[in-house]
C-alpha cells in the first residue's frame, strides 16, 4: 500500500521512514514537508499539490506537531484518503471528534495511533491484569526534553503539550492495560515562567493511581509503570518494552512499536474500520483543566 | 416524583427550590448539605445518611461545585437513584464518562443539565439556523463575578472553571443551535496573578466563530450571541431568553430554564433514558489545553 508521509521531522525520520521501508506491505510514495525530505522519494512542499498529483496514494500518515495537523487531516479525508495520526491525535478534542465524523461520513479509515501501546510488554500486561485487583499504580516518566525535542520550541507553545507530549505515551499504556477506567482527582503542573506548557506534572487519579512526569531529567531516562495487585507486582520498564511480573521478565512480542502501527493500519484499511481512542488525551485535557499551576524556573534549550 | 437536593447554596435556593415547588410533578423530599437547608424540609448533613434513611426518594439533584460532585453522583447511582447534575457536569471529562458507564450499567437516568439550553429563545434559534449558512458568530458574555459568586473562592481554585463557569452557558447554547460543530483554533486566557482559573477568555473557533468572556464587568451585564447568516442576522439576548431575527423579536416558549430542566428530567426518568452531552465541556477543556496564558492583575472579592 502506498503511503504519503507528511511532516518530515525527527519522528518521521527516526521511526516512520524505517518502519515503512522494512514492511513488505507499505511503500513510501512521497513526502509532504516545507523543509524535510527523504532521499530518493518524491517530495511535495504542500499537501494540496500532493493530493492533486498523486491520486494513486490511498493513505496519508501525519507526523507534524498537533496544532497544524487538523488542516492536513481534513484535507486528506476530503480528498478521499485514509489517515494515520501521530500522537496526540490533535490539538483539541473537538477537532478529533470532527475528523471522526468526517471519516465515518466518507467511509474512510482514521487511525489515531498511540505508539507506546504497541510496546512489547503492553499486551502481556493487559492480559495479566484483566482479572487482578489493582491496589496501587504509579507512573514515572522522566526524560530530557533537550535530547528528544532539541530546539523544538513548539512543545512549549500553546497546544504543544509540554511534558504531556511524552507523558501521554504513559497514559496511552495505562488506559490500555487497566481493567477499569480511572479519572483524575488532582494535579500539579509546573510551568517555566517563560513558557506556555508544563515542564513537569504530578497527577493523582482514582484507585490509588498516580503519575510523575518530568522533562528535566538528564542522564539515564526513566519510563516506568509499577502496579501492585492482589497477585503481586507488575512492572513495565523501557516505555512498556519490558514486562516484569513478580520481578521476573516475561517474553514479549517480536514487533517494534512503529512497524506494529503500520501493520495495524493495514488491518484497519482492509477491514474498512477506524480506531480512535481519545482516553489518553482526555486525561491530559482534564489535567490542564483541573491542575494547580506552579510557576518554576525559566527554561531555554 | 420525590427529589433530594444536595448542595444547598445560591443556585439551589435561587433556582432549584422554587422550580421544584412550582412543579406539579416534583416534591422536594429532603436536602443534603453541610450548612444550607430549606425551611420545612428534612435536612441531612451527608449523602450516605440520606440514602440510608430515604429509600423512597428515587432522584437526587446535585448542585454543589464541580470538584466534590463526582463522589455524590457515584454514591447516588450506586444506591440506585437517578441523578441530575448542575452544569458543568463534573470537574473532569473522564469522571463524567465514568458516571455515564455506571448509570447505563445500572439502568438509571443520568441527566447532565445545561440550563441555558432551556432559555426561551434557544429552540427558535436552533430551528431557524438549521438550513442557513453561517458566515460569522460572536458570543459576548460579560458579567460581574462579585455579583453572581459573592465570596465563592472555589471558582478560582483548580476545577472551579473561572470565567468558564458562566462562559460554558454560552457554549451550551452555541453547541445546541449551530447546525454543524466547530472546534477551537486558539484562545487567550487571562489569569489573575493570585488565582488558578481565568477571569477572562477570548476564544477563536473554526467557521469564524468567536467568544469574549469576562468576569469583571460592573454595571449592566451582557449575555449576547450574534450570528450572521446568508439570510440575515440572528441575535440572542439576555442569556438566550430573547431571540431576534433580522432585528425583530420572535416569540419564545413559556417556560423558564430550571422548570424546563425538571420537566425534562421527568421525561427522561419515565422513558428510562439518559442525556449527557459533553460538547460544551470539551470546548472548555480544549481552551484550557490550547489557550495562551496571560497573567493579569490580582483579583479579590
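Structural size metrics of region B:205-265, computed from C-alpha coordinates, are Rg and Dmax of 14.3, 36 Å. Label-to-label distances for residue B:194 across copies, nearest first, come out at 2.9 nm, using points 7 Å from Cα in the beta-carbon direction. Quick check: Cα centre of region A:41-81 to Cα centre of region A:253-301, how many Å? Computed from Cα coordinates, the inter-centre distance equals 20 Å.
Annotation: average projected area of the protein assembly as shown is 28.9 square nanometres, based on the convex hull of Cα atoms across all directions. Counting neighbouring beta carbons within 10 Å and listing from fewest to most, the residues B:265, A:281 come out as B:265, A:281. In terms of its Cα atoms, region B:186-301 spans 46, 39, 32 Å along the principal axes, sorted from long to short. Specify the angular offset, from 0 to 90 degrees and rounded to the nearest 10, of the alpha carbon long axis of helix B:93-106 from the longest principal axis of the alpha carbons in chain B. The angle comes out at about 40 degrees.
Ordering B:294, A:199 by the number of other Cβ atoms within 10 Å of each residue's own Cβ, fewest first, gives B:294, A:199.
Seen against the Cα atoms of chain A and their longest principal axis, helix A:279-290 is set at about 60 degrees.
If I take every Cα pair under 8 Å that is 6 or more residues apart in region A:2-112, average their sequence separation and divide by the length, what percent do I get for the relative contact order?
On the way: 190 pairs, mean separation 26.2, N = 111.
Result for region A:2-112 is 24 percent.
The convex hull around the C-alpha trace of region B:78-121, projected and averaged over every direction, spans 3.5 square nanometres. Remark: region A:2-112 projects, on average over all directions, an area of 6.3 nm² (convex hull of Cα atoms). Label point of residue B:130 (7 Å along Cα→beta-carbon): distances to the other copies' equivalent points are 4.6 nm, sorted ascending. Here is the size of region B:106-173 from its Cα atoms: Rg then Dmax, 15.8, 45 Å. By other beta-carbon atoms within 10 Å, ranking A:197, B:101 with the fewest at the front produces B:101, A:197. Once the convex hull of all Cα atoms in chain A is built, its volume per residue stands at 129 Å³.
Sorted shortest first, the separations between the residue B:268 label point and its copies elsewhere in the assembly read 3.2 nm; each point sits 7 Å from Cα along the Cα-to-Cβ line. Set the Cα radius of gyration of region A:1-58 against 2.2 N^0.38 Å, with N its number of residues, and you get 1.03.
Against chain B, whose longest principal axis comes from its Cα atoms, helix B:66-78 is set at around 40 degrees. The sum of -39500 (n - 2.57) across all DSSP H runs of n ≥ 4, divided by the residue count of chain A, sets its helix-only mean residue ellipticity at 222 nm to -9000 deg cm²/dmol.
All of the numbers you see were taken from the coordinates with simple rules; none came from a lab. These figures come from a predicted structure and were not determined experimentally. Using ideal geometry, Cβ is built from the backbone for each residue, glycine included, and neighbour counts are taken over all protein chains shown.
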